[in-house]
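Take a look at the structure set out below.
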Amino acid sequence: MNARKALKLIFGIGLAGFFLWLVVRQISLADLRQSFASADAGWIALALLAFLAGYACRIERWRLMLVRSNPELGWRHCAGPLLASVAANNVLPFRAGDLIRAFGFNRRLKISVNTAIITLFAERLLDLLMVLLFLGLALGHFGADINRLAGIGGLAPMAAAAVILAILLFPRVFAAPGRALAQAVKRVAPTLGQKILDEVDKGLNTLELFSAGHTMLRLILWSFFAWLAEGAVFWFAALALPTLGAPLAGWLALPIGTLATLIPSTPGYIGTFDYFTARAMTELGNDAGAATAFALLVHILLWLPPTVIGGIYLLLNPTRTSQEAKAS
């Protein structure tokens, strides 16, 4: 590990510790135990089913991207590698799971490294679109009183989502202005401008690849179903805790907690996810102890199943390291 990565890891651990301290300092262990003891197993089971449904949609979305390179790929061929990459991201630093998905399964899936990498880029953009969409809907539903939590009104994320949607559906329209902007930056800062230009070209080429026919519309629909199911995980987990007075706040916790994972942290987003998820719940009137129990419950529901299933897949189907894949 080089010095830069070591510093990044130390910084992430420090931030995670800080947010974890913010979480635990305002609750009592007795209240936390009471919230968990009163949890309804039926709602938790439904949350697990919703989680599985959401990942089934994500796997189908990835398969649709890959079939252009290998038409013989089925859903079951893609399920293991995707869950394995999530498992690795949950326990290893520096997004190691993305490297495994980019370089580790290409021979097994009969796809190129470039194909695997561009699907990761497309997934990020589709997920960002959905998080902004659900944030805008939540802010609009819960009203102006909650806007101080995000610092924005409901129209801002909806406008950003509309721009991303337009880029996804009509990438060629944005090619010229995107490259012109990168060229303008290049005149002032040549190195930075060239990097931006390369990223713009790579991104637009990726989107043009998937915009043919109805592929992008299908990818957007599968993304929506995936995030709708994940929202159901938050909602069902909230309904499982009778100590929560406003379980509908789970639909706000979904985008707020997800956006918090962009903050540098540990693998599994310990601390950052929990603090902002609990904060979203308390902003809508829930008790701090119950909100913290909810954040921990949701974190377990989102972290444990893919880590266990993906970890088992990796143990049964060991893959090459990224270095070996790059050398081949």
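FYI, it's all coordinate maths here, none of it is from the lab. Here the structure is a predicted model, which is why all the values come from computation and not from measurement. Positions of Cβ are backbone-derived with ideal geometry, glycine not excepted, and every protein chain shown enters the neighbour counts.
At a glance:
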item: Local electrostatic count, L209, Cβ distance below 13 Å [Lys/Arg +1, Asp/Glu -1]; result: +1
item: Acute angle (nearest 10 degrees) that the helix 190-210 long axis makes with the longest principal axis of the chain, alpha-carbon atoms; result: 90 degrees
item: Cα lying deepest toward the dipole's positive end in region 208-328, options A226, T272, L244, charges on Cβ; result: A226
item: Charged-residue dipole, Cβ positions (Lys, Arg, Asp, Glu), region 1-148 about Cα centre, Debye nearest 20; result: 680 debye
item: For A175, net neighbour charge (Lys/Arg +1, Asp/Glu -1) across residues whose Cβ lies under 15 Å away; result: -1
item: Sorted by Cβ density within 10 Å, fewest first, the residues H77, H214, H141; result: H214, H141, H77
item: Over region 228-328 - Rg/Rh using Cα atoms and the Kirkwood inverse-distance radius; result: 1.12
item: Phi to ³J(HN,Hα) by Karplus 6.51 cos²θ - 1.76 cosθ + 1.60 over region 170-183, Hz, x for Gly, Pro; result: 10, x, 5, 5, 9, 5, 5, x, x, 6, 5, 5, 5, 5
item: Residue order, fewest to most surrounding Cβ atoms within 10 angstrom, among I256, I196; result: I196, I256
item: Centroid-to-centroid separation of region 168-228 and region 83-142 [C-alpha atoms, Å]; result: 16 Å
item: Neighbourhood charge, 15 Å Cβ-Cβ cut-off, centred on L48 and excluding it, Lys, Arg +1 and Asp, Glu -1; result: -2
item: Per-residue Cβ neighbour rank within 10 angstrom, fewest leading, R68, R124; result: R124, R68
item: Reduced Cα scattering model of region 61-144, Debye log10 I(q)/I(0), q = 0.16, 0.21 Å⁻¹; result: -0.67, -0.96
item: Fraction of the pair-distance distribution of region 96-143 above 13 Å, Cα-Cα pairs, percent; result: 63 percent
item: Normalised contact order of the chain, rounded percent, pairs of Cα under 8 Å and 6 or more residues apart; result: 33 percent
